[in-house]
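Right, one structure below, let's go through it.
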Amino acid sequence: MSMNNQGRPTHISGGIQNSDSAVPQTVTGNRGLQIEEPLIFEQDSAGRCGVDLPEVPAVGSRLGAVKPRGRIGLPGLAEPQVVRHYTRLSQKNYAIDSGLYPLGSCTMKHNPRLNEKMARLPGFADVHPLQPESTVQGALELMAELGRWLATLTGMAAVTLAPAAGAHGEMCGIMAIRSAHDAKGDKGRTRILVPESAHGTNPATAAACGYTVEAIPATEDGRVDLEALKAKLGPDVAGLMLTNPNTCGLFERDIITIAEAVHAAGAYFYCDGANFNAIVGRVRPADLGIDVMHINLHKTFSTPHGGGGPGSGPVVFAESLAPFVPVPYVVQDKDGAFRLVEQAGDGPAFGRMKAFHGQMGMFVRALAYMMSHGADGLRQVANDAVLNANYLLARLQDVMTPSFDGPCMHECLFDDRFLKGTGVTTLDIAKALIDEGFHPMTMYFPLVVHGALLIEPTETESKASLDQFVTALRALAERAKSGDVAYFQGAPRLTPRRRLDETAAARKPVLRWSPAVEPETVAAE
Amino acid sequence: MRYLPLTEADRRSMLEAIDVPSVDELFRDVPEAARLSGPIKGLSNHMGELEVDRALSAMAGKNLPAGSVPSFLGAGAYRHHIPATVDHLVQRGEFLTAYTPYQPEVSQGTLQVLFEFQTQVSLLTGMDVANASMYDGATACAEAVMMANRVTRRKKAVLSGGLHPHYRDTTTTDARFIGFETVVMPPAPAGGEDLLAEVDGDTSCVVVQNPDVFGHVRDYTELGKACQAKGALLIVVVTEAVSLGLLTPPGEMGADIVAAEGQSLGNALNFGGPYVGLFAVKEKLVRQMPGRLCGQTVDADGRRGFVLTLSTREQHIRREKATSNICTNSGLCALAFSIHLSLLGEEGFTRLAEINHAKAVQLADKLAAVTGVEIVNGSFFNEFTVKLPKPAAEVVEALARRGILGGVPASRLFGGGLDDLLIVAATETNTESDMDAFATALAEVL
């Protein structure tokens, strides 16, 4: 092939059209940079290995009665093949590094690489959890310092860093509430109140901990119905689990009154702090009367979501519940040395929630982020997150239907009234947005409105990227209203895969590769 | 602030578009009494990259990295060599900074990885199906017991004394609050416990660990059969995933559920987390399994693709009726596990396991030669227990002063008792000279 043409198209096609007929069929099934990548099990060549390992020393076996296993069935690949496999797979992902990721309540903000670098320092990454305390003073200091930041930002009295994720933190909070009632000998509290607008994990957590869950309806303006709440409070209520700012993207105006009512009934007030990023540095949860709250470090303090995890869900406790923190936790002796308390002992502190001491790698990232922003910068984080969301609300409210009157906090909520009679659904809008190069917003959540579209831009988006998103979304809203249903139903067209059959996946689950079921590809027509 | 793209001019024009005079106006729903007028006191203001790097590096510098000295620590967290390729690929932004694959059309990378991970875990454990990971091994163990309670509609779990105490405590914490009973067998460092004697008509499951926390490896085939006869499930816990390259897999011993820690592949020690919980079951239990699952399907053009599936079990659909409250998984750690295992392949993984075992055999022989040291185990994989003439915690401190991380005192895990027992691990990272240095130092401090 002539070198002269490199970097230039050999055929002038007159522009790419959004129809399959314009896309040439290739021999390989690849489309330019979009490579069809087989499963790793379909690339097997027995005997290949991507790691050089020495010979096994001939020292005999001490396996006792256990027989060495036979063939496992793993594929064999050399290092370059593995690199190519995962690189190609990565290219089929949307990520915050590639563009706006406005998933409401998920908080997809920029992930600074400094945090990654810090978490990989051998002094943090290559430290065993059971090394003598004298050899991990820096790690314990980091945990203490992170705890201090969290306690100060929330105004709370005690912190546990143990929970592995937000939902795990919820579990921890509810266990502390149960412990506190038990300590008072108050055994008759069997109900937990959970507003309709709560994250799905809230009722699941309360139920898993053996409580009966009772829903509190939302008012016309998207907040907890205070009168309905008061009517449900009684001597059998253990606590309230409230999300604030709530999942409609709104601040619960009556929160102090709510806290007082909950406390007057002898119950505790759990706050789902998943949306703390909206108010960090501007409001201290302790000042709102909250007894216990989890914080998603990966959301508020930006650790990468990594395709769904790992997370980290520290929990902060007001004085009322401070004695009930689980083990382990860090204490500092008079001589300045840090110590880990690893056993619950006979006190009110309850037991362990996971192995070892929490998600250390996440602690480093979160503290690096906190120190980078500082107290002043974190306040600006909340300001910009809220400003960006309200800007989207303002720019879209004439073509889409906001569910509630503004202002919103860090996310803005629309419902599907603007699509009424068009034949286009919330899902269709989301899929069409993918062809425009955006990850869609959160859809059909919260459940309190019909056909929800929950948009969270976060503070790390520029005005230019918001404007581009607004332009795309306005165009789609208008296209839907013009009756171009077919356009939406075919979307997305430009992705590595078109709409996937989720019903088929659930009806007859294929959850692993095995030679018998591979490959189930049906040739394109 | 380098992470915030808005300029003052942007902010002004945006406030104008919103039609409010200031950003404070957007916080007007916050009760007056709780509004803060300025930055919270007691915390530093923003710092540049260099300053943060300096401060955190100073903290890291106060720790002794396990790789900088001869290290023989195990007990649920193992130091293995991680090929450079693993961390390089994990740090690709498209993996690192993606979210839960809710939009499968633009998440096929993550989804295919999870499908491959599920397959790898199934193969390793000898089970039919695995999920797309849990928080860690201990929470996976607790979830396995809760699952057994659901499946059998029985409320008692029997936990072996050889189960890692952190796994035991995680499970008993849940038992206390969620409302099921646990029978915890006393630790039996020299082996020998009659788990079956505790199994009755209320028993949902028996939980054993292989190799157990003291390092013993056992064949649980007979126990599995006996459990089955009594209507209880056998849960096998594995804290050292590399052992699955050499030992009879739990599935072949009759395990109904396997709960394991996957840190050993691709994931650094990280002072205890984040790690990756492995969870695998027999086919019949799939719909009762907690956590995330990826399934194969086809797209609108009939091409193979992957989606999250069976989510009707999950909290966002079933709310208070959900199988568990779990929301996230350990996606990125699962990716690291998967890449490392792909690099190793059949031959590499098997050989890695054999090397680990051989290293431990060498170490056991060297330590057994030290006066006063007694090897407790008759069998082991890459970890075993030694009996010392002095409290192990003191010995470990003395060794640390000599620059050797010489194992985990059993008393630290068990919260006292078993004072003379030290749990020692060897992996492919330990050289002969490491082992000699350990044996020499041990002889000196005893």
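Just a few scattered comments:
- For segment A:391-454: Kirkwood Rh in Å [reciprocal of mean 1/r, alpha carbons]: 12.1
- Relative to the current alpha-carbon distance between B:GLU32 and B:ARG54, full extension at 0.36 nm per residue lengthens the span by 4.0 nm.
- Each residue of segment B:205-336 gets 153 Å³ once the volume of the Cα convex hull is shared out per residue.
- Coil-residue trypsin sites (Lys or Arg not before Pro) of segment A:329-407, DSSP, other Cβ within 10 Å capped at 11: A:LYS334
- Taking the inverse of the mean 1/r over every pair of distinct Cα atoms in segment B:151-217 gives a Kirkwood hydrodynamic radius of 12.2 Å.
- Fraction of antiparallel bridges per DSSP, chain B only, in percent to nearest 5: 55
- Within chain A, antiparallel bridges make up roughly 55 percent of the DSSP beta bridges whose residues both belong there.
- Rg ratio for segment B:228-278: its Cα radius of gyration over 2.2 N^0.38 Å, N being its residue count, equals 1.33.
- Segment B:258-328, Rg to Rh (Cα coordinates; Rh as Kirkwood inverse mean 1/r): 1.05
- Take every Cα pair under 8 Å whose residues are at least 6 apart in sequence, average their separation, divide by the length of chain B, and the relative contact order is 20 percent.
- With 5 Å bins from 0: P(r) over segment A:175-233, alpha-carbon pairs, percent: 4, 18, 24, 21, 18, 10, 3, 1
- Centre-to-centre separation between the Cα atoms of segment A:178-192 and those of segment B:65-119: 41 Å.
- Its Cα gyration tensor gives segment A:37-114 an equivalent ellipsoid. The semi-axes, each the square root of 5 times an eigenvalue, are 40, 18, 14 Å from largest down.
- For the protein assembly as shown, the equivalent ellipsoid derived from the Cα gyration tensor has semi-axes of 44, 34, 27 Å, listed largest first.
- Using C-alpha pairs under 8 Å with a sequence gap of at least 6, the mean separation divided by the residue count of segment B:323-444 gives a relative contact order of 24 percent.
- With helices as the sole contributors, the protein assembly as shown gives -10500 deg cm²/dmol at 222 nm; each DSSP H run of n ≥ 4 counts as -39500 (n - 2.57), and the sum is divided by every residue.
- Hull volume per residue, based on the alpha-carbon atoms of segment A:73-195 and their convex hull, is 283 Å³.
- When the listed pairs A:LYS230/B:LYS155; A:LYS184/A:LYS299; B:LYS156/B:LYS284; A:LYS508/B:LYS225; B:LYS155/B:LYS225; A:LYS232/B:LYS321 are checked against a 26 Å cut-off, the alpha-carbon distance exceeds it for A:LYS230/B:LYS155; A:LYS184/A:LYS299; A:LYS508/B:LYS225.
- Over segment B:309-385 - Rg/Rh using Cα atoms and the Kirkwood inverse-distance radius: 1.28
- Where both bridge residues fall in the protein assembly as shown, DSSP classifies roughly 55% of the beta bridges as antiparallel.
- Measuring r between the beta carbons of A:VAL59 and B:GLU181 and using R0 = 35 Å, the FRET efficiency lands at 0.20.
- What the Kirkwood sum gives for segment B:355-421 is a hydrodynamic radius of 12.5 Å, with every pair of different alpha carbons counted.
- Along the axis of the charge dipole computed for segment A:163-295 (Cβ charges of +1 for Lys and Arg, -1 for Asp and Glu, origin at the Cα centre), the listed residues A:ILE216, A:GLY266, A:LEU193 are led at the positive end by A:GLY266.
- DSSP-assigned coil residues among GluC sites (Glu not before Pro) in segment A:214-309, each with at most 14 further Cβ atoms within 10 Å: A:GLU220
- Tail beyond 19 Å, pair distance distribution of segment A:308-427 (Cα, percent): 70
- Average beta-carbon neighbours from other chains, 10 Å sphere, peptide A:77-84: 4
- For chain A, the relative contact order works out to 17 percent when only alpha carbon pairs closer than 8 Å and six or more residues apart are counted.
- Fraction in percent of alpha-carbon pairs per bin - 5 Å, segment A:250-376: 2, 9, 15, 18, 19, 18, 12, 6, 1, 0
- Think of each Lys and Arg Cβ as +1 and each Asp and Glu Cβ as -1; about the Cα centre, that makes the dipole of the protein assembly as shown roughly 740 debye.
- Radius of gyration, Dmax [chain B; alpha carbons; angstrom]: 25.0, 82
- Enclosing the Cα atoms of segment B:295-446 in their convex hull gives a volume equal to 190 cubic angstrom per residue.
- By the rule of a C-alpha distance below 24 Å, with chain neighbours fewer than 8 residues away ignored, the lysines paired with A:LYS431 are A:LYS92, A:LYS109, A:LYS420, A:LYS463, A:LYS481.
- Rg to Rh, two decimals, where chain A supplies the alpha carbon set and Rh follows Kirkwood: 1.01
- Alpha-carbon geometry of segment B:69-141: the Rg and the Dmax are 15.4, 48 Å, given in that order.
We did not get these values from a lab; they are worked out from the coordinates using the rules stated. Just so you know, these numbers come straight off a predicted model, no measurement behind them. Quick reminder, even Gly has a Cβ in these numbers, built from the backbone with ideal geometry, and neighbours come from all protein chains shown.
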